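Single-structure report; data block below.
No lab work stands behind these numbers, since they all come straight from the coordinates. Just so you know, these numbers come straight off a predicted model, no measurement behind them. Glycine also receives a Cβ, built like all others from the backbone with ideal geometry; neighbour counts cover every protein chain displayed.
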Amino acid sequence: MLTTADTTSTPSRVLEEAMRRRTFAVISHPDAGKSTLTESLALHARVVDRAGATHGKASRAASLSDWGEVERERGISITSTALRFDYQDVVFNLLDTPGHSDFSEDTYRVLTAVDFAVMLVDAAKGMEVQTRKLFDACRRLGLPVVTVINKWDRPGLDALELFDDIQEATDRTPVAVNWPVGYAGEFRGLMEPGSPSYLRHEVVASGARLAHEELVDGATDSGLGEELWRDAVEGAGVAAELNGTFDAQPFLDGEQTPVLFTAAAGNIGVRYLLDFLLHHAPAPRPRPDRAGAPRPLDAAFSGYVFKIQAGMNPAHRDQVAFVRVNSGVFSRGMELRHAQSGRPVSSKYAHHLVGRSRATVDESWPGDIVGFVNTTGLHVGDTLHEGRQVIFPGMPRFDPERFRVARSLDTARHKRFTKGLAQLEEEGAIQLLRDANGSPGGPVLAAVGELQFEVAFERMRREFGVEIALDPPMPYGHSRPFSRSEVSRIASISGVEVLYRPSGDPVALFRDRWRLSRVLEEYADVFPESASRT
Ligand code: GDP
């Protein structure tokens, strides 16, 4: 039998390793610079030799955080990658999220697996639709948020105006960790509020290399000019006077969001950000199990599946279940159990994931992400553990808003059709609904956003060899799950259709928002709160 690391590592070692972890996601409205920042962070931490020299979508297609046919064709980032890098004595686990709102459920799942988020804001655009929604999601999950105002090298809004926007939209007080010297589009460097000096950078056009930075005295720097320095000192002073300064506890409690400025494309301000995360961002903390009892970090190994991803490696048809380690040490080969079924699970094919390549994992600690390759029977939200059983709260499903019947165009491949759709459902890529008769004409695919249908269509063809046809959208725009005992009551409401999940749980479909709110009001006892609702 293989020795598990549990016998070789002491509880204090687990705590020590957990303290060294920073597990986070970079989130933003699309185009704010998430991929660019990810590459720049990696460049600073030297995971890859250099960040993508140009940051255009096309050239990024083969870069470290994107994959998949649909993504390449459309140039959007759909799936989430785990990127791991070391910086000083700390291990950073950066989980990338899809920016497109059609994949908001994927983003939410990733956010359940992190300890804090870095929110990118485009200096010229300020708070955008997705920025607000993501701030809301972080609030619901109790995540501390570090705000980064990016693209300061381009003309944009006034820094204080941005602070007002953040405060108004998020209900968190923005506090300046650093302050830009030079207005947006005329970025000269970064100062710490109250400091007589600033970190002057040279301007680099693209992010192929690190920018040269030098600490200089602001008041006597002849190249800067008196006015820019005075403006910076004043701006930082006003921000501090109005909003106060950074304080760890309010940040962890979600009352404050520390703000830093960057021009990620030029690698400016990124080291500053890394240093801030190193010193102030939270390490993993004990996570509550389903009953609400926090699982101590140094208990036996436990973790849960927050994401399942197929087709990551074009050379092999494979599927990876991403597991966030919540407690203990994971070592490859150890004997694990799948908490929901009690079955043993093999951990022989576990990997850390760095972009597209894999490094075989030997040991992982709380906060780390382990990829289980081709491990059957794992679903999003499942718990894996060693020793005594623990179950973490399941993953909430978003309420789908689009519904289309799927048909196989190849009747001879009916089995594959069924199997393929079942797999997409298990991964959480799409939801599958059937009517009370089992939908003999074809199941209903249910999604939050239209692009999910495209992904399902494409994956059925590529991975399962089945051409499918999707009927025009059904005339419903909202849905809510409810309890089985209420089926006859809900099914009798006019304009409401009841369909069933593979588990047999019913879901009510509503034609429009008006009908939805009317029914929710009248049957408030029937419909529970759900994750996607704000
Ligand atoms: P994402 O959609 O959030 O991943 O955004 P990307 O990283 O793809 O960036 C979107 C566009 O903004 C790309 O053309 C980038 O080159 C550009 N970009 C990102 N960061 C900066 C920056 O700091 N300054 C400037 N000028 N452009 C940037």
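Taking every DSSP bridge with both residues inside the chain, close to 75 percent are antiparallel. Taken over the C-alpha atoms, the range 119-249 has Rg and Dmax values of 15.4, 48 angstrom. Report the relative contact order of the chain, percent, no decimals, based on alpha-carbon pairs under 8 angstrom and at least 6 residues apart. So the answer I get is 14 percent.
Rounded to the nearest 10 degrees, the inclination of helix 226-243 to the longest alpha-carbon principal axis of the chain is 50 degrees. Principal-axis analysis of the Cα atoms of the chain puts helix 414-427 at an angle of about 40° to the longest axis. For His478, the residues whose amide H sits under 5 Å from its own are Phe510, ignoring neighbours fewer than 5 places away on the same chain, with H placed 1.01 Å from N. If one takes the longest principal axis of the Cα atoms in the chain, at what angle in degrees, from 0 to 90 and to the nearest 10, does the Cα axis of helix 34-45 lie? For 34-45 against the chain, the angle is about 60 degrees. Compactness ratio for the chain: Cα radius of gyration over 2.2 N^0.38 Å (N = residue count) comes to 1.02. What number, rounded to the nearest 500 deg cm²/dmol, is the helix-based mean residue ellipticity at 222 nm of the chain, given -39500 (n - 2.57) per DSSP H run of at least four residues and division by all its residues? So the helix-based figure for the chain works out to -8000 deg cm²/dmol. Across the alpha-carbon atoms of the range 402-533, the computed radius of gyration and Dmax are 15.2, 47 angstrom.
Please compare each pair in Lys34/Lys125; Lys133/Lys307; Lys307/Lys415; Lys34/Lys133 to a cut-off of 18 Å on the Cα-Cα distance and tell me which ones are over it. Checking Cα-Cα distances, Lys133/Lys307; Lys307/Lys415 exceed 18 Å. Of the trypsin sites (Lys or Arg not before Pro) found in the range 178-248, those that fall in a DSSP loop while having at most 13 other beta-carbon atoms within 10 Å are Arg209. Scanning residues 5 or more positions from Arg154 or on other chains, those with amide H under 5 Å from its amide H are Gly185, with H placed 1.01 Å from N in the peptide plane.
Put simply, the amide H of Tyr87, placed in the peptide plane, has neighbours under 5 Å in Phe92, leaving out anything fewer than 5 places away on its chain. Treating r as the C-beta distance of Leu215 and Arg343 and R0 as 41 Å, the FRET efficiency rounds to 0.10.
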